[in-house]
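Written below as structure tokens is the structure these notes are about.
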Amino acid sequence: MSQADGPGSMELLFPGPSEMARRMRAHPWADTPMGDPRTWPTSLRTACRICLTSRFPMIVWWGPELRFMYNDAYLPLLGSKHPALAKPGPEIWPEIWPTVGPMLDSVMASGEATWSEDLLLPMNRHGYLEETYWTYSYSPLHDDDGTVRGVFTAVSDTTQRVIGERRLAVLQDLGAQAGRARSAAEACRLACRVLERAGADVPYAAIYLRRPEDDEPVLAAVAPEGAEPAPLPDAPGGWPVAEVLRAERPVTLTDVAGRFAGLPTGGWRNGPTQAMVLPLAGEIGSRAIGTIVLAAAAGRALDEPYESFLALVARQTAALVNAAMAYQLQQRRVEELAELDRAKTAFFSNISHEFRTPLTLIMGPVGELRTALADADPQVREDLEVVHRNGLRLGKLVNTLLDFSRIEAGRMQARYEPVDLAAVTAELASVFRSAIDRAGLEFEVDCPPLPEPVHIDRGMWEKVVLNLLSNALKFTFDGSVRVTLRADGGQAVLTIADTGIGIAAAELPRLFERFHRIESARSRSNEGSGIGLALVRELITLHGGTIDAVSEPDRGTVFTVRLPFGTGHLPAEAVVRSGSGETSPAGTEPFVEEALRWLPADPAVEGADVPGPGPGFAGPWPVDGGTPARVLVADDNADMRDYLARLLRPAYQVSVVGDGRTALEAARAEPPDLVVSDVMMPRLDGLQLVAALRAEPRTAGVPVLLLSARAGQEASIEGLEAGADDYLVKPFSAAELLARVRANVELARMRGHHARWRDALIDSLQEAFFVCEEDGTVIEVNAAFAEILGYGADGLPYTPVYPWWPAETDDPEAHRMVGDTFTRLVEVGRGTATVPLTHRAGHRVWVAVSFNDVTDPENGRRLVVGTLRDVTAEHYAVQRESALAALSVRLSQAGSRTEALHEALAALREVWRARQVLAARWSGDGRPALATTGPDTGWEDLPAGLRDSVAGLRDKPPLRPVVTGPGGAGITLEHPDGLLGVWIDLGQNRPFTAEDQTLLALLAGHLGQGLHRAHQIDRQRETAVALQRAILGPVDLPDGFAARYEPASRPLEVGGDWYDIVPLPGDRIGIVVGDCVGRGLPAAAAMGQLRSACRALLLQEAGPAQVLTALDRFAALVPGARYTTVFCGVLDTATGRLAYASAGHPPGIVAEADGGLRLLTEGRSTPLAVQPGRPRPESSYDMPARATLLLYTDGLVERRRRSLMAGIGEAGAAVQHGRGTPLEDLAGELMSRLAPPGGYDDDVALLLYRQPPPLEVAFPAESGQLAGVRSALRDWLARCGATPWTIQNVLVAAGEACANAIEHGHRDDRGGPVRLRAVVTGGGLRLTVTDTGRWKTPRPEANPHRGRGVMLMRALAGEVTIEPGAAGTIVDMRIRIPR
Amino acid sequence: MTTPLTLAHTRRTDGTPALIVGGEIDMSNAGEFAAALSGTGDGTVLVVDLTDVGYIDSAGLTVLFDNTGHIEVVANPLIAPVLAISGLGDLITVHGLDAGPDGGPAAGGLTTG
């Protein structure tokens, strides 16, 4: 054979400049079984031509040996197997031949095409067995006789997409585990179960967690379960988990195969050779919590995408573990708090019911008995003393608890008076001397006089000293108890040291905790409520002092109390001038009695000098008149019934009944002079009894005295409202009962004694009570009133404005609320309200007030009578709950950190009705980033005072409220991006109370958690976007285009929207925007396939309508691709002609330079695969110069309750508005401008193009180039629609810039590169000329000619900037094109 | 692509020597242009006819400024703005400078922004 016909003929057979065309022309075909190409069948020659001229990877197999031909696009797919031209297939592809061989054979034998989609072919083309996926069809090639002689294939390497989708699924699977784990270990196991399912990408994983004791990593879970790779004998070691945990930096291992034997392969033929060991990041600001080992599958090189996937796996795993840890911690705290609350609440609510009645029944009779049996048998008397002591003990316990509730409610009435503390303390200590002596202990009291008096409340100090001494005695069996008092550093220092059993170090921190009892091996008594020391600490705190304890087991304990001298630390109104009272000996009795009982009996102290029941007990009161009054007693407790009867019988004629119903019947039968009734009774309770008696005229006038164990706030008013005449709360003394009975009997007989009746009534009330005159002047209050507000009867009358009325300057809102209620009180005379009042001590008290007007029966004056109930605790609880709930709701709706912060600030503003709430975030040293509920302001624009307040937060520890004065408060918290300071600007002088501070701390804590949660969402969002991009594949947008993809924000999910830009031969570009139905992975997968198919079709030079018709057939085969909408266009950038067709897709929008708007509504037909086989229409549109085209998916414009056309109209207006904006900026602007408030709820793709595309000319710095550059620029300007005069001016201006670049920019570098770039917008154009040399500063006098050039530039172009830089000079010109 | 430039010495009907210039003048051929202008040197006025010039930049203007002693210039509407901005008309006679093209702006007529 010869090549006689010359290269021209070979050029025809194998056309084009491509490498493979060259190779095929040069190949010695004649020496192969294929023979001279000119003898080849037409079909083979045609196939070769198609192959060589296509940009799509294609191959031709020919002949019985399936010899292999391919094009340039196929080169990267072939890897190191190139060159392989005309080699037999099995020689090139031995590793996949078992799969593809039979397929090729079947095509050769049957002549029927095959279709393979995402077929796994393990190829060895880069030196290792690689996991690759392919989508292709084998089509038969016939020779001129019609015999199948070869196979033609267009292939698509879908590896990236298949693997990308698979990895996305792994990450989503991991993400789906969020919130399931209840412990860190469980989170690790869950993560490993997910990774076990992901063997193809993570054949082996191991999670190690930091052990808190020694910071060593400990294996927590592995995947697959039970995998135990054994380190090889001479290997460099196991996994470097400890190193990674210390350094907190990931390590990549490439010698894995040399380190371990038996690593799981994840289903691949070879075991892993590479792995990453990554730290598991802790919460922001804390150390890594562990490490994770992730082996890489041998089928994929550990490239950058693989590494970032593994990093994402580590990040997701860390998030799971952190969330589980946070959950555990939170759970523990919640349980602890709940337990404490439960214990406390149960204790307090039970105490009055359970203790008061028995206490009455014990102490009353015992008091009587001790008097009556003063001369009785000693044994009897001793028994009586036992009862008496126990009664005292119980009373002490109840009193302590009452002290607590007073302290908690801020109602402890303290009187701090200056005393000689040494004398007082020594006197108190002496009370214990006999008990300590009797215990055989040494008692040392060393209290020399102090240099100055100390201000104390005597009652409280007594409790402090006695509690501590009692405690010392209880736990000391040998040695001594020592009391010393000294002055030290401006403080009085009391130490009480014992040589007792001591306290274990672990228990010390909880020593002063309420209800916490230290379980000790040995003590004198097992009794104890666990509240004595807690009370001591509270009392000392009230004194502005401190207490601490030092102890050593078996050596003893030292309590040290420090009280400051002076009065500066005490509330001024509670300080009294001089000591008036003495230590009440009665208060010490319970302590001593109790202590003595721990000790062995000593006859010497029997009948010790303990005070009697007091002089009040005088026996039954004689009743005036002849016949004794008849008293009906109703009580269901037989003991109580008998006790009452015994008390009353000497003076009255008593009948007793066991319930209300019997009482009513008895009273009806014969009305008594007085009914004494318990409130709680079966069948008919006391209140119902009163009501029933009042309802009948015969019994309406019978006075009723109610007895109750209920000390609740509403009980007394309830009783009195029901019509009872008097009310007595248990425990009561015999004398008290008799006095009341007598008074009521007398009252019943002497109607009209209103003043006495009222005194009795008011005194008996447990609830705060007041009477005021018509003008609001308060003329009567009771003791409870004084307790709640601090203002007692001694200050009467209180005229408006009352001293407890919050001042307008301090708190206008509270002032107004009280004012409203006051107006109602004066004008209407009846009502209820809950209002904030100011206690005498200065703190805020919330009270529920209810009032009614009455007419004074004596003088007919109108009075208002009311009651107050302290609801402070309830009020703040409700406020906290509702504020927390409001904040939670707002946070839960936020989809990003910014949004969460914004919502939270608004919520805080509502809680405090603040003027504004600001947040400053410091991340570096510079100015903080500012967010505010007010108008957007920069940091510098804040008023100086406010700015200082906010800046002052910066060095404050987190979650501690900062109040510097009235009018505002702040707090700091950890934000994922740095420290966040939040400032509440109240906008007026309003106090920020202790309760407000608690609430702020609580809300800030909540906000911190919310921000962390939002931070996680942001991270997941980034992950989702990154993965969608991985599926969309890298797209280098040609000049003149801008595009955006955004996944739906709630729920955060990838979707089926896509865009594509396909450069075609000449100046043509294919543009596609499409939208697959559905969401999540299935939609993304279908999208990936449609996108590839569409791209391939466009590359085969199909027109838009043809592309869509072909896609119809394809979409019918791909799951989830049906009903996809697509806009497909082919744009000629030289002429602006856009041929397009739309498969049910929303119309493209064009904003023309003159402000006109056009919708590309033609060329429309149905979505894909709805009517396959039907031809589709096509239309075209000539884009005028400087017009802007917007293609998009419906997520951009579709909103609920709004027509699609309205959305398209809004998008059109936005493009029109931005037609003068550079394209990249416009894309961002459109995405944010059109976004609904909560973010896009569907995914969005958009594509922008502006005619003509930018001009980019690069030329060597030689003057001979200028004419060519001008010519190109002239053509481009004409395409921009510029007038000849504008063109001329721009040419000269640009020419001067280029000439400058040549002449000066490249003085030392002739021929260096110069770049000219011109970009058009709707209103004008922008030109930049860049060189890489140095621009000479223009000096017109030295070089008039160059100066003239710059002058021309400035005169002809509007805005000219010349930026000389190290790397070269940039001349930037902006020119407006008149319409 | 080199910049096209034609230079033809001739005499007008009144006998004045004239240089008919066509094409474009930039830094690549300014030297050639300068040579054609400085040729006479006998003090007579040379009419430089730029009617067929489509482009002139500061390099060409510099040649004109260097020869203001003995030339008059005939401009065309397209290059008139550049000549006007340069201030050449203040030194020598430039014909066709005032007449802006129909509907087109004269010197400085380019709106900028």
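First measure r as the distance between the Cβ atoms of A:ARG824 and A:GLU874, then evaluate 1/(1 + (r/R0)^6) with R0 = 22 Å and state the FRET efficiency to the nearest 0.05.
Computed FRET efficiency for A:ARG824 and A:GLU874: 0.50.
Tell me the relative contact order for the stretch B:5-95 as a rounded percent, counting alpha carbon contacts under 8 Å between residues six or more apart.
26
Report, for the protein assembly as shown, the % of DSSP beta bridges that are antiparallel, rounded to 5.
Once the DSSP bridges in the protein assembly as shown are tallied, antiparallel ones form about 85 percent.
How high is the FRET efficiency between A:ARG630 and A:ASP853 when r is their beta carbon distance and R₀ equals 45 Å, given to the nearest 0.05?
E between A:ARG630 and A:ASP853, to the nearest 0.05, is 0.80.
Quick check: from the Cα gyration tensor, does the stretch B:5-95 come out rounded (a/c under 1.5), prolate or oblate?
Verdict is rounded for the stretch B:5-95.
Provide the per-residue ³J(HN,Hα) series for the stretch B:28-37, in order, calculated from phi with Karplus coefficients 6.51, -1.76, 1.60 and θ = phi - 60°, each as a whole number of Hz, with x at glycine and proline positions.
Result, rounded to whole Hz: 6, 10, 4, x, 4, 5, 4, 4, 5, 7.
Remind me, relative contact order of chain A in percent, using alpha carbon pairs under 8 angstrom and six or more residues apart?
4
Which residues' amide hydrogens lie under 5 Å from the amide hydrogen of A:GLY1239, considering only partners 5 or more residues apart or on another chain, with H built in the peptide plane?
none
On full extension of the chain, what length is gained from A:THR1166 through A:ASN270, given 0.36 nm per residue of separation minus the C-alpha to C-alpha distance?
Working it through step by step, the gained length comes to 317.6 nm.
Please list 3J(HN,Hα) in residue order for the stretch A:45-62, calculated via the Karplus relation 6.51 cos²θ - 1.76 cosθ + 1.60 where θ = phi - 60°; whole Hz, with x for glycine and proline.
Whole-Hz 3J(HN,Hα) from phi for the stretch A:45-62: 5, 4, 4, 5, 5, 4, 4, 6, 8, 8, 8, 9, x, 9, 9, 10, 9, 9.
Please return the longest range in chain A lying between exposed loop sites, taking GluC sites (Glu not before Pro), DSSP loop only, at most 10 other beta-carbon atoms within 10 Å, and leaving the sites out.
Counting at most 10 other Cβ atoms within 10 Å as exposed, the longest clean stretch of chain A is A:859-1340.
In terms of the Cα gyration tensor, with a ≥ b ≥ c the square roots of its eigenvalues, is the stretch A:767-870 rounded because a/c is under 1.5, prolate because a/b exceeds b/c, or oblate?
Prolate, since a/c reaches 1.5 and a/b exceeds b/c.
Just to be sure I understand the model, the point goes 7 Å from the Cα along the line to the Cβ. What's the resulting A:ARG960 to A:SER480 distance in nm?
For A:ARG960 paired with A:SER480, the spin-label model returns 4.1 nm.
Please list the non-local residues whose amide H lies under 5 Å from the amide H of A:GLY987, H modeled 1.01 Å from N, same-chain partners needing a gap of 5 or more.
A:ARG915
Whole number please: convex hull volume per residue of the Cα set in the stretch A:73-207, in Å³?
Dividing the Cα hull volume of the stretch A:73-207 by its residue count gives 128 Å³.
Expressed as a rounded percentage, what relative contact order does the stretch A:6-157 have, with Cα pairs under 8 Å and six or more residues apart?
21
May I ask you to work out the translational diffusion coefficient for the stretch A:173-336 at 10 °C, viscosity 1.306 mPa s, via Stokes-Einstein with Rh from the Kirkwood sum over Cα pairs, reported in whole µm²/s?
Rounded, D is 100 µm²/s.
Given the -39500 (n - 2.57) contribution per DSSP H run of 4+ residues, what per-residue ellipticity at 222 nm results for the protein assembly as shown, rounded to the nearest 500 deg cm²/dmol?
Value at 222 nm, helices only: -12000 deg cm²/dmol.
If you take the charge dipole of chain A about its Cα centre, with +1 on Lys and Arg Cβ and -1 on Asp and Glu Cβ, which of A:PHE56, A:LEU1037, A:ILE96 is farthest toward its positive end?
Sorting the options by dipole projection puts first A:PHE56.
Along the charge dipole of chain A, Cβ charges K/R +1 and D/E -1, which of A:ALA220, A:PRO1236, A:ALA506 sits furthest on the positive end?
A:PRO1236
Might you report the magnitude of the Cβ-based charge dipole of the protein assembly as shown about its Cα centre, with Lys and Arg at +1 and Asp and Glu at -1, to the nearest 20 debye?
2480
With the Cα gyration tensor of chain A giving a ≥ b ≥ c as the square roots of its eigenvalues, does the rule (a/c under 1.5 for rounded; else a/b larger than b/c for prolate; else oblate) give rounded, prolate or oblate?
prolate
Given a Förster distance of 22 angstrom, what is the FRET efficiency for A:THR998 paired with A:THR834, based on the Cβ-Cβ distance and rounded to 0.05?
After rounding to 0.05, the efficiency reads 0.65.
Along the Cα→Cβ direction, 7 angstrom out, place labels at A:SER1271 and A:ARG816. What is the inter-label distance in nm?
Each label point is offset 7 Å from its Cα along the Cβ direction, giving 8.0 nm.
How large is ³J(HN,Hα), in whole Hz, for each residue of the stretch A:651-656 in order, when computed from phi with the Karplus curve 6.51 cos²θ - 1.76 cosθ + 1.60 and θ = phi - 60°, using x for Gly and Pro?
Ordered by residue, 3J(HN,Hα) equals 10, 10, 8, 10, 10, 10 Hz.
According to a simple spin-label model (label point 7 Å from Cα along Cα-to-Cβ), what is the distance in nm between A:ALA700 and A:ASP554?
Going from the A:ASP554 label point to the A:ALA700 one covers 8.1 nm.
Of the trypsin sites (Lys or Arg not before Pro) in the stretch A:1168-1236, which ones lie in a loop per DSSP and count no more than 10 other C-beta atoms within 10 Å?
A:ARG1200, A:ARG1201
Rounding to the nearest 10 and keeping the result within 0 to 90°, find how far the Cα-based axis of helix A:1344-1356 lies from the longest principal axis of chain A.
Helix A:1344-1356 sits at roughly 70 degrees to that axis.
Please list, ordered by chain and number, the residues whose modelled amide H lies under 5 Å from the amide H of A:GLY1055; skip anything fewer than 5 residues away on the same chain.
Amide H neighbours of A:GLY1055, under 5 Å, 5+ apart: A:GLY1080.
Values in this text are rule-based calculations from the coordinates and carry no lab data. Note that the coordinates shown come from a computational prediction; the quantities given were computed from them, not determined experimentally. Methodologically, a virtual Cβ is constructed for each residue, glycine included, from the backbone with ideal geometry; neighbour enumeration extends over all protein chains shown.
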